[in-house]
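Trainee: Sharing a structure, written as structure tokens. Questions coming.
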Amino acid sequence: MRAILITGTDTGVGKTFITYNLARSLKERGVKVGCFKPVETYVMNVPEDGRLLATATGQEIEEVVPFTYRLPLSPRAGEIEEGKEVSLRELEGHFRRLTNKYELLLVEGAGGIAVPIKERYTYGDLARDWRLEVVIVGRAGLGTINHTYLSWFYTKALGLKLRGIVLNRFTGEDISERTNPQIIYEMTGMKPLCIRESNSLELPERDRVALLELVGL
Ligand SMILES: Nc1ncnc2c1ncn2[C@@H]1O[C@H](COP(=O)(O)OP(=O)(O)O)[C@@H](O)[C@H]1O
Ligand SMILES: [Mg+2]
């Protein structure tokens, strides 16, 4: 049984999109894959990330997302403002049930790796305590070097096993996109995987195969 945290350099970089495509591809290969979004924020009624991920795997949304907050903020901010506490014990219980049920679990974070779930407890801490492998999703274009490097640095500082770096929404139109992969490679020793801007939710086969390779399948 393996579990991989799909984290990002920021919110809105494509974590759900990449997780969805990975889950679809794994399922097509016959892997018993589950998705898990421990806490989803900005939820009025139905958690949207959870809903999308559930369509990829056929899970119930409640199984994918056990905790929600209404505010479009970090889970810790939701806890402060909404006064509802996430129980790490319950969260871990849910995680253990899912790891027993699936061969491979894709865990989507919220925001980035240093985002707090609770006071002094980040997604990085969660990855360490649950022994999650990590995939960092960043933007392909301008502004990504600093964010990706810092995420890589924090991941390494916590002693986590980094599976790969994805530079998402590559268009070929921004000059920085051409040099970012090489520079990030020079700085981290990891060759980032570039995923192109897609006009559909389903990535083309080539990108899907590359994502499977990134997670070692
Ligand atoms: N490679 C891509 N091509 C086209 N649209 C993308 C791509 N990656 C992400 N998106 C879109 O960008 C938006 C933000 O992505 P999302 O996965 O929700 O980010 P996150 O989960 O990191 O907050 C969504 O509308 C998503 O469909
Ligand atoms: Mg998301």
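Trainee: For a quick check: with amide H placed at 1.01 Å from N, whose amide H comes under 5 Å from Val65's, ignoring anything fewer than 5 positions away on the same chain?
Mentor: Lys37
Trainee: Identify, among Leu132, Val107, Ala54, the residue whose Cα sits farthest towards the positive end of the charge dipole of segment 2-214, taking +1 on the Cβ of Lys and Arg and -1 on the Cβ of Asp and Glu, with the dipole about the Cα centre.
Mentor: Leu132
Trainee: Please give, to one decimal in nm, the separation of the simple spin-label points placed at Glu81 and Thr171, each 7 Å out from Cα toward the Cβ.
Mentor: According to this spin-label approximation, the distance is 3.0 nm.
Trainee: How would you rank 27-34, 54-61, highest first, on the average number of other Cβ atoms within 10 Å across their residues? Write down the numbers at each step before the final one.
Mentor: Numbers: 27-34: 15.2, 54-61: 17.6.
Sorting 27-34, 54-61 by mean packing, highest first, produces 54-61, 27-34.
Trainee: For segment 74-87, what does the Karplus curve 6.51 cos²θ - 1.76 cosθ + 1.60, with θ = phi - 60°, yield as ³J(HN,Hα) per residue in whole Hz, taken in order and with x for Gly and Pro?
Mentor: Per-residue couplings from phi come out as 5, x, 4, 5, x, 4, 5, 7, 9, x, 10, 9, 7, 8 Hz.
Trainee: Considering only DSSP beta bridges where both residues belong to segment 2-214, give the percentage that are antiparallel (nearest 5). Let's see the in-between values first.
Mentor: Details: 2 of 30 bridges.
The answer is about 5 percent antiparallel.
Trainee: From the cross-link list Lys27/Lys118; Lys32/Lys191; Lys32/Lys84; Lys84/Lys161; Lys15/Lys156; Lys32/Lys118, which pairs have alpha carbons spaced over 24 Å apart? Walk me through the numbers on the way to the answer.
Mentor: Working: Lys27/Lys118 33 Å; Lys32/Lys191 28 Å; Lys32/Lys84 33 Å; Lys84/Lys161 32 Å; Lys15/Lys156 20 Å; Lys32/Lys118 31 Å.
Over 24 Å Cα-Cα: Lys27/Lys118; Lys32/Lys191; Lys32/Lys84; Lys84/Lys161; Lys32/Lys118.
Trainee: Just report the Cα centroid separation between segment 1-22 and segment 169-192, whole Å.
Mentor: That distance is 19 Å.
Trainee: List every residue whose amide H lies under 5 Å from the amide H of Gly8, counting only residues 5 or more places away in sequence or on a different chain, with H placed 1.01 Å from N in the peptide plane.
Mentor: Ile113, Val137
Trainee: On to the next question. Using θ = phi - 60° and the Karplus curve 6.51 cos²θ - 1.76 cosθ + 1.60, what whole-Hz ³J(HN,Hα) does each residue of segment 156-170 get, with Gly and Pro shown as x?
Mentor: 5, 4, 7, x, 7, 8, 8, 7, x, 10, 10, 9, 9, 6, 5
Trainee: When only Cα pairs under 8 Å and 6 or more residues apart are kept, what is the percent relative contact order across segment 2-214? It would help to have the intermediate numbers written out before the result.
Mentor: Values: 409 pairs, mean separation 52.7, N = 213.
Taking the mean separation of contacting Cα pairs over the length of segment 2-214, I get 25 percent.
Trainee: Further question: Treat each spin label as a single point 7 Å out from the Cα along the C-beta direction, and report the Asn45 to Glu186 distance in nm.
Mentor: Each label point is offset 7 Å from its Cα along the Cβ direction, giving 5.2 nm.
Computed from the coordinates by the stated procedures, all read-outs in this text should not be read as laboratory data. Not measured: the values here are computed from a predicted model. Here Cβ is always computed from backbone atoms with ideal geometry, including for glycine, and neighbour counts include all displayed protein chains.
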